[in-house]
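S.K.: Submitted below is the structure of interest, expressed as structure tokens.
The values are calculated or read from the model by the stated rules, or taken from the named source; none is laboratory data. Treat the numbers as computed from the prediction; the structure is a model and nothing was measured. All Cβ positions, even for glycine, are placed from backbone atoms using ideal geometry, and neighbour counts span all protein chains on display. Calculation scope for accessible area: heavy atoms of the full protein, side chains included, ligands and nucleic acids excluded. Shrake-Rupley method; radii C 1.70, N 1.55, O 1.52, S 1.80 Å.
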Amino acid sequence: MPEAALRDLARSLEHASAPPARAVPVLHALRPVVPGGLRPGSAVGLDGPGAASLALALVAGVSRHGGADGEGGWCGIVGVPSFGVVAAAGMGAEPERLLLVDDPGDRWPDVVAALAEAVELVLLCPPERPGAAAVRRLSALARKHGCVLTLTGPFARDWPGVRLRLRLDAVAWEGVGDGHGRLRGRRARVVAEGRDAPGRGRRADLWLPAADGGVRPAEPVRPPLEIVPPAAVRDGAPVHTRRDGAPAAVRALPAQAMDPAHAGGKGIA
Amino acid sequence: MTRVLAVWCPDWPVTAVGVDAGTAGAAVVQGRIAACSAAARAEGVRRGQKLRDAQRRCPGLVVRERDTDAEGRLFEAVVEAVAELAPRVEVVRPGLCAIAARGPARFYGGEEALRVLVQDTVVEAGHDCGSGIADGLFAAELAARAGQGGVVVPEGGAAAFLAPYPLSVLDRPELADLLARLGVRTLGAFADLPSGHVAGRFGTDGALAHRLARGEEPRPIAPVRAAADLSVRAAFDPPAEHAEQVVFAAKRLADELHAGLAAGGLSCVRLEVEAGFADGHVLRRLWRHDGRLSSLAVAERVRWQLSAWRDGRPAAGTDPEGIEAPAEEEAVWGGVTWLELAPDQLVPDGGRQEALWGRTAVTDRIARAADRIQGLLGHGAITRPVLAGGRGPGEQVVRVPVGDLPPANLPDGPWPGRLTAPAPAVVPVAAPEARLLDADGEPVVVSARCAVSAPPAALLVGGRPAAVTGWTGPWPADERWWDPEKARRRARFQVVTETGAAYLLAVEHGHWHVEATYD
């Protein structure tokens, strides 16, 4: 084979196998679960409670990275009329770079195909069980143009070839009491599973959303401390003596009152 | 000098909102009187007054929001009546139109005869008006407002006619204020100033005002002559069977039309779309638009027009798509043979923002994708959100179809009782019903004084009960209480259930709804 032809072949192979230029960006707080960003052209599945917030966070991550000249950072949202635009803006999304198609009806594959060529991320809630032909066509288009397909809704699990699944675990809203306060944020553990997060997957504790509407890493829950008189310390309980020899004035609460993940932890801070 | 006949309908903004001259009424814009009826003026209501002051002087004042669309629409009746007598009517603004008087005056036997005839015709059409003839539009307008139903100012007498008027009629408050401090209080005194000095001191605009005051014309009357030249037309051979073909052609025509308008420094606020069919039928519709019609918007209007035609026919099986009709149905009219777009109401292009996409410029790729989706689903199917003011999570977002300008007058201001961050992630379009029960299984009731009957214990959404672990509220929202038709009185709650879900509930008239979910 002539050398020039070989070089051409090598170049075309290189071109075909190399992933498109750069990863699709995610919010800073999501980097522990999606290191480096989303793989262009891949499909991401969201389900379970909290899928809507995760969708907003992914859209915000893409949208906030666009340039001022309109290059990049566009997101298409198909079939999600209840998309919380204000919440997305709170997480950092630019509303003017969102394209909403609230009611695509049965033309949703055509709508997604049109958007996949132009935007970096399409959030799709399929209104019906996706057919194999539509999935093949849209996956191929997404790969070709480096667009991330994010699936949500009841049929998200039926989409074959999803490389990354995100869900929320151990959620707890904070700020609301019994007739007073207001919602200030939610502690949640984001779990990433699938081929792009091999093994047991990746986990991160986040405020999703935080008190100002953003997404922020959450500090691990520390066992609450309680002030006790020295006499109340049980025999045999681990007591750290102070430098001057006097017994400690605090002790950790009993283990069952703590978060199970940290019950075996350090004890006294 | 051209002789101009002006037809002036008094207090047109008030007439347009359905208040007659005998009733004390006013049209308001942002809490200030934009126009008031004669009866209200007799009570001391003035233009520019605060609504509160006006209502103090005239407690029975009928107040309506100003509706510029209605003004333009209703004025068409007046213009049509005048056009019966003399063609080429120039609409100066809704409420004032003008024709060149010389020809018609000769035809109808004198200027006074023409003036009375025009006035009678418009009054017969159902609108009170004054008509006046003078040299130039400015003097003609004042002549129409003078006396009982207008006067004829003889040729060359404009300067003398204008002399006693105060400077406020020039509609240049800053100039009038400055001149008043210089001791110049009437148009006559202003006209006596040497024109070179006026131009040197007050610039172009001052020189223009000076020309007006001297009874000279700032510009000749400009009837809508350019319309015929700027209209664009496409023929279909063979006749277009599908609306899609016509819509595509319309988009191209609209681009041509815009290029022609831009070259003339004009923009068009009303567009006439004509479609001709093979058997000679012609569909003609006028479309009005607030801003400049983008080519996509024009194409969409052509689509509406064609689908309206299909809906209007007594055809047996009209499909809901309304567009792709079977060939045998098309045979009734034989398909579209030509399409013409004619700009009908031209205004000088005041330099509107050219980027139709708001702040962020749009790339060709995005525009192409949006184009395809609009071709599939219609103009309004793909939108861009714009954040606006409002209290509830759904009220804070306005969805603007891609290609349209965002609405200019978005509500702004402090929103006491606005929901605080974080905002809910799921905002359903139609709030689903919910039930909030207390420990005894009775519905939780919120009294008029915002007292909660019992702490909520269980929430039922879609039939599934969940125990309430935390709740807060009520946060009352009493909106538009001054308008009985639009008034809404709600109380909002945030509720967290045992499943870890958080809801924004609203109770209105005793019914609970899930306004949004903090998913």
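S.K.: Would a scan of the stretch A:141-150 turn up a residue that is facing another protein chain (nearest Cβ under 8 Å), farther than 25 Å from A:Val190 by Cβ and of a type in the set (D, E, K, R)? Break it down into steps so the answer makes sense when it comes.
M.R.: Within the stretch A:141-150, the subset facing another protein chain (nearest Cβ under 8 Å) is none.
The answer is no; no qualifying residue exists.
S.K.: Looking at (1) out of contact with any Cys (no Cβ under 8 Å at 6 or more places or on another chain); (2) hydrophobic (A, V, I, L, M, F, W, C); (3) more than 29 Å from A:Arg203 (Cβ to Cβ); (4) within 11 Å of another protein chain (Cβ to nearest Cβ), can you tell me which one A:Val78 breaks?
M.R.: (1)
S.K.: Could you list all residues from the stretch B:12-46 that are among the small types (Gly, Ala, Ser) and not in a strand (DSSP E or B)?
M.R.: Going through the stretch B:12-46, the residues among the small types (Gly, Ala, Ser) turn out to be B:16, B:18, B:21-22, B:24-27, B:31, B:34-35, B:37-40, B:42, B:44.
Answer for the stretch B:12-46, where residues must be among the small types (Gly, Ala, Ser) and not in a strand (DSSP E or B): B:Ala16, B:Gly18, B:Ala21, B:Gly22, B:Ala24, B:Gly31, B:Ser37, B:Ala38, B:Ala39, B:Ala40, B:Ala42, B:Gly44.
S.K.: Follow-up. Does at least one position in the stretch B:366-383 carry a residue that is modelled with pLDDT of 60 or more and more than 11 Å from chain A (Cβ to nearest Cβ)? Working first, answer last.
M.R.: Filtering the stretch B:366-383 for residues modelled with pLDDT of 60 or more gives B:366-383.
Subset that is more than 11 Å from chain A (Cβ to nearest Cβ): B:379.
Scanning the stretch B:366-383 turns up at least one residue that is modelled with pLDDT of 60 or more and more than 11 Å from chain A (Cβ to nearest Cβ).
S.K.: Give me a count of the residues in the stretch A:214-239 that are buried (at least 18 other Cβ atoms within 10 Å of the Cβ) and at pLDDT 90 or above.
M.R.: Number of matching residues: 2.
S.K.: Let me ask you something else. If I ask for residues that are within 7 Å of another protein chain (Cβ to nearest Cβ) and open to solvent by less than 20 Å² (accessible area, probe 1.4 Å), which ones from the stretch A:81-103 would you list?
M.R.: Once the filter is applied, which keeps residues that are within 7 Å of another protein chain (Cβ to nearest Cβ) and open to solvent by less than 20 Å² (accessible area, probe 1.4 Å), the stretch A:81-103 yields A:Gly84, A:Val85, A:Ala87, A:Arg97, A:Leu98, A:Leu99, A:Leu100, A:Val101.
S.K.: In the stretch A:158-191, which residue that is part of a loop (DSSP other than H, G, I, E, B) and small (Gly, Ala, Ser) is farthest from the other protein chains (Cβ to nearest Cβ)?
M.R.: Within the stretch A:158-191, the subset part of a loop (DSSP other than H, G, I, E, B) is A:159-163, A:177, A:179-180.
Within this subset, residues satisfying the condition of being small (Gly, Ala, Ser) are A:161, A:177, A:179.
Working: A:Gly161: 23, A:Gly177: 6, A:Gly179: 6 Å.
Top of the filtered list is A:Gly161.
S.K.: Condition first: under 30 Å from B:Thr499 (Cα atoms) and either without any contact (Cβ under 8 Å) to a residue 60 or more places away in the chain or over 13 Å from the mean Cα position of the chain (by Cα) (or both). Can you find one or more residues in the stretch A:40-48 that meet it? Steps first, please.
M.R.: To start, the set of residues in the stretch A:40-48 that are under 30 Å from B:Thr499 (Cα atoms) comprises A:43-48.
From the residues that got through so far, the ones that are either without any contact (Cβ under 8 Å) to a residue 60 or more places away in the chain or over 13 Å from the mean Cα position of the chain (by Cα) (or both) too are A:43.
Within the stretch A:40-48, one or more residues are under 30 Å from B:Thr499 (Cα atoms) and either without any contact (Cβ under 8 Å) to a residue 60 or more places away in the chain or over 13 Å from the mean Cα position of the chain (by Cα) (or both).
S.K.: Please work out which residue is nearest to A:Gly153 (Cα to Cα), limiting yourself to the stretch A:36-57 and to residues that are of a type in the set (A, V, I, L, M) and more than 10 Å from every other protein chain (Cβ to nearest Cβ).
M.R.: Here is the first cut: in the stretch A:36-57, the ones of a type in the set (A, V, I, L, M) are A:38, A:43-44, A:46, A:51-52, A:54-57.
Narrowing the set further to residues that are more than 10 Å from every other protein chain (Cβ to nearest Cβ) leaves A:38, A:43-44, A:46.
Values: A:Leu38: 20, A:Ala43: 14, A:Val44: 12, A:Leu46: 8 Å.
Looking at residues that are of a type in the set (A, V, I, L, M) and more than 10 Å from every other protein chain (Cβ to nearest Cβ), I get A:Leu46.
S.K.: Can you go through A:Val122, A:Val112, A:Val80 and tell me which one is in contact with an Asp or Glu (Cβ under 8 Å, 6 or more places away or on another chain) and of a type outside the set (Lys, Arg)? I'd like the intermediate steps shown before the answer.
M.R.: Working: A:Val122 fails: in contact with an Asp or Glu (Cβ under 8 Å, 6 or more places away or on another chain); A:Val112 fails: in contact with an Asp or Glu (Cβ under 8 Å, 6 or more places away or on another chain).
Exactly one residue qualifies, and that residue is A:Val80.
S.K.: Tell me whether the stretch A:58-71 contains one or more residues that are on the phi > 0 side of the Ramachandran plot, facing another protein chain (nearest Cβ under 10 Å) and in contact with a Ser or Thr (Cβ under 7 Å, 6 or more places away or on another chain). Walk me through it before giving the result.
M.R.: Pass one, the stretch A:58-71, residues on the phi > 0 side of the Ramachandran plot: A:70.
Filter again for facing another protein chain (nearest Cβ under 10 Å), leaving A:70.
Pick out the ones that are also in contact with a Ser or Thr (Cβ under 7 Å, 6 or more places away or on another chain) and you get A:70.
Looking for residues that are on the phi > 0 side of the Ramachandran plot, facing another protein chain (nearest Cβ under 10 Å) and in contact with a Ser or Thr (Cβ under 7 Å, 6 or more places away or on another chain), one finds at least one in the stretch A:58-71, hence yes.
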